[in-house]
1. Give the residues of segment 171-203 that are over 22 Å from residue 137 (Cα atoms) and exposed (fewer than 15 other Cβ atoms within 10 Å of the Cβ), sorted by residue number.
2. Restricting to segment 123-146, count the residues that are touching a helix residue (DSSP H, G or I) at 6+ places or on another chain (Cβ under 8 Å) and open to solvent by 80 Å² or more (accessible area, probe 1.4 Å).
3. In segment 101-111, which residues are without any contact (Cβ under 8 Å) to a residue 60 or more places away in the chain and open to solvent by 70 Å² or more (accessible area, probe 1.4 Å)?
4. With 129, 167, 157 as the choices, which residue is closer than 23 Å to residue 33 by Cβ, without any contact (Cβ under 8 Å) to a residue 60 or more places away in the chain and touching a Pro at 6+ places or on another chain (Cβ under 8 Å)?
5. Within segment 145-156, can one find any residue that is of a type in the set (A, V, I, L, M, F, W, C) and at positive phi?
6. Within segment 67-83, is there a residue that is without any contact (Cβ under 8 Å) to a residue 12 or more places away in the chain, in a strand (DSSP E or B) and open to solvent by 40 Å² or more (accessible area, probe 1.4 Å)?
7. Restricting attention to segment 112-122, and to residues there that are touching a residue at least 24 places away in the same chain (Cβ under 8 Å) and in a helix (DSSP H, G or I), which single residue is farthest from residue 196 (Cα to Cα)?
8. Given the residues 151, 96, which is the only one that is touching a residue at least 24 places away in the same chain (Cβ under 8 Å) and touching a Lys or Arg at 6+ places or on another chain (Cβ under 6 Å)?
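The values are calculated or read from the model by the stated rules, or taken from the named source; none is laboratory data. Since this is a predicted model, take the numbers as computed values, not measurements. As a convention, Cβ positions derive from the backbone with ideal geometry for all residues, glycine included, and neighbour counts pool all protein chains shown. Please note that ligands, DNA and RNA were not included when accessible areas were found on the heavy atoms of the full protein model with its side chains. Shrake-Rupley method; radii C 1.70, N 1.55, O 1.52, S 1.80 Å.
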Amino acid sequence: MTKLTIILSILSLSLFAQTKREIVVSVDSDTSFLQYRTFPEKDLRLSQAERSFRLSTSCNSVEIRKNQSTFSGELSLFVREVSDFESSSKTHRQTYSLDPLAVQKMFHLIDSLKLDNIPSDTFIKSWRQGFDGIVYVLESKDKVRYSCKGYWTPEAQMLVVEALTIQAFVDRVYALANLKARYENFDTTIPFMSWTCNGVIVSRIMTCKEYRAYKRKKRRLNKTAVKRAP
């Protein structure tokens with residue numbers, strides 16, 4: 001083996017070790033909250049961005065990234081079909097690109113509110129838990145550190161300072177992502193008669209004529225899916 005080959009081999013191993021460097025999970029994280037995610041999301045720990053952040057619920061996610069002075073991100077909305085009062089495997093998802101300036105403001109908000117200093121609600125003694133409500137999962141990742149923190153229904157907490165901060169953050173992020181208008185658009189694209197989101201079942205009001213047309217379309221789609229199945 002030549003000297004040049006040895007040097008190249010050492011460099012390759014060094015680069016491989018750097019790319020495989022283990023990301024430290026913050027001690028105030030609680031990854032058990034990821035079980036509330038009903039739609040698959042890529043592992044944020046694999047992000048190659050200088051800095052990444054994701055706010056997610058069982059119905060939507062806001063993922064943002066920063067690379068030096070470049071900002072990018074997406075808002076994703078999703079629902080699962082309910083057929084004959086049972087959840088089916090069919091889902092509908094729509095993704096919208098976020099304005100870079102809005103993403104920059106989101107990162108500024110994360111820093112100004114010092115979200116990294118707020119532990120998962122498991123570590124906040126006065127934080128009450130429940131069965132209904134919304135779980136907000138906040139994931140953050142930089143070059144060496146990853147955190148995953150969950151917060152059950154901040155609005156339901158009484159006089160918990162951390163809850164007020166988390167809810168203010170969520171409200172502001174959703175406003176910057178133009179969530180309300182995007183949901184109005186998303187609603188018109190949902191192909192299901194009934195669907196579920198955050199444990200709530202929503203049904204579209206149809207006339208008898210519209211319902212018959214919907215059932216015919218659904219039967220055609222089911223037949224097509226069966227024919228395409230291996």
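1. 181, 184, 185, 187, 188, 189, 191, 202, 203
2. Here is the first cut: in segment 123-146, the residues touching a helix residue (DSSP H, G or I) at 6+ places or on another chain (Cβ under 8 Å) are 124, 127-130, 133, 135-141, 146.
Among the residues that remain, those that are also open to solvent by 80 Å² or more (accessible area, probe 1.4 Å) are: 128-129.
The qualifying residues number 2.
3. Selection gives 101, 104, 108, 111.
4. Just a single option satisfies the conditions, and that option is 167.
5. no
6. Among the residues of segment 67-83, not one is without any contact (Cβ under 8 Å) to a residue 12 or more places away in the chain, in a strand (DSSP E or B) and open to solvent by 40 Å² or more (accessible area, probe 1.4 Å), which makes the answer no.
7. The extreme case among them is 116.
8. Matching residue, one of 151, 96: 96.
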